[in-house]
Amino acid sequence: ANSQCLFGVTGTKIRRFPVRTGVTSLGICRENKTVYKTTTDFMKAIGYHGILDIGYRYDRRDGKYKVLDVNPRIGCTFRLFSATNGLDVARALYMNMTGQPVPPATVADGRSWIVEDFDLFSAFCSWTGGALTLKDWVKSVLGVHETACFALDDPLPFFMMGVADSCEFYRWIRGLAAIRQNSRKAGSPIVLASQGRL
């Protein structure tokens, strides 16, 4: 009620999809006192109440963090920021709105979370562009603490992700074949532009 932060965690995007501009495909919790204090002071100054997903970019020119986007909602990476006692922003909001105390919680520094298909595509693009080695990719995904879709007790989301990705890949291949066929007929060079997942 007084814009006091009940549960706040900072983290870093390791990879994103699309590669340089997209959402987090692999993230890791990292304590950043500057970002935490900047955010809590900012929200207190404007009297904000509720869940917040906010992104910053570090500006090497002046050594300051600059606000990139502010989302007054649960972010798509909210499960990255899960505490050792299971608390996350959704649970904290529920407890607060139902009059329950939000327990103190800590998030293990180094906790990582991955969106399996996004990160595979992102890593592939980075590898083909020379920005990532196979060894570095393997090292980055070893010991991931939580996946976005895969769970042994509920495999259906992972299966559906695979179906959706296969359909997308099939459409992409068909589109590529059509472009090549049309280019051959017209005698023009092939120019490819990729958007979306592939």
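With respect to (1) modelled with pLDDT of 90 or more; (2) in contact with a Phe, Trp or Tyr (Cβ under 7 Å, 6 or more places away or on another chain), the lone exception for Phe158 is condition (1). Suppose the filter is part of a strand (DSSP E or B) and open to solvent by less than 40 Å² (accessible area, probe 1.4 Å); does Arg15 pass it? It is true that Arg15 is part of a strand (DSSP E or B) and open to solvent by less than 40 Å² (accessible area, probe 1.4 Å). If only residues of segment 52-79 that are without any contact (Cβ under 8 Å) to a residue 40 or more places away in the chain, in a loop (DSSP other than H, G, I, E, B) and of a type outside the set (Lys, Arg) are counted, the one that is least open to solvent (accessible area, probe 1.4 Å) is Gly75.
Quick check on my filter: what residues within segment 125-184 are in a loop (DSSP other than H, G, I, E, B), within 15 Å of Arg15 (Cα to Cα) and open to solvent by 90 Å² or more (accessible area, probe 1.4 Å)? Hit for segment 125-184 is Leu142, nothing else.
Total residues in segment 3-37 satisfying the condition of being out of contact with any Phe, Trp or Tyr (no Cβ under 9 Å at 6 or more places or on another chain) and in contact (Cβ under 8 Å) with a residue 24 or more places away in the chain: the figure is 6. Can you work out which of the residues in segment 80-99 that are open to solvent by less than 80 Å² (accessible area, probe 1.4 Å) and part of a loop (DSSP other than H, G, I, E, B) is nearest to Arg20 (Cα to Cα)? By that ranking, first place goes to Ser82. All conditions but one from (1) open to solvent by 40 Å² or more (accessible area, probe 1.4 Å); (2) assigned to a loop (DSSP other than H, G, I, E, B) apply to Thr34; the one that does not is (2).
The values are calculated or read from the model by the stated rules, or taken from the named source; none is laboratory data. Just so it is clear, the structure is predicted and the values come from calculations on it, not from any experiment. With ideal geometry, Cβ positions are generated from the backbone for all residues, glycine too; neighbour counts draw on all protein chains shown. SASA here: full protein model, heavy atoms, side chains in, ligands and nucleic acids out. Shrake-Rupley method; radii C 1.70, N 1.55, O 1.52, S 1.80 Å.
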